[in-house]
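The numbers here are math on the coordinates, done by the rules we state, and not lab data. Quantities reported herein were computed from a predicted structural model and do not represent experimental measurements. As a convention, Cβ positions derive from the backbone with ideal geometry for all residues, glycine included, and neighbour counts pool all protein chains shown.
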Amino acid sequence: MNLGGLIISQMVLSIQLPITVFLQIYLTSSQKVMGKHKNSKVMRLLLLLIGLILTILNIMLFASFL
């Protein structure tokens, strides 16, 4: 079984994950999109922190394979 190919494919898929997370944070924090159900400032800050941690972990994953 070729585990190298599996790891590389998962790394490529993980590239889109931070993009999707930050897009979802943007959309759910938008008054225009969500109306009265938009994220509060505290929730938005928490979500951005989680997105930043996710991005840093992905960068660390790529760096470990170089």
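Give the range 27-66 a look and list any residue that's over 30 Å from Gly4 (Cα atoms) and under 12 Å from the mean Cα position of the chain (by Cα), or say none.
Leu47, Leu48, Leu49
How many of the residues making up the range 1-15 are loosely packed, with under 10 Cβ neighbours inside 10 Å and part of a helix (DSSP H, G or I)?
Within the range 1-15, residues that are loosely packed, with under 10 Cβ neighbours inside 10 Å and part of a helix (DSSP H, G or I) number 5.
Looking only at the range 22-66, count how many residues are part of a helix (DSSP H, G or I) and touching a residue at least 40 places away in the same chain (Cβ under 8 Å).
3
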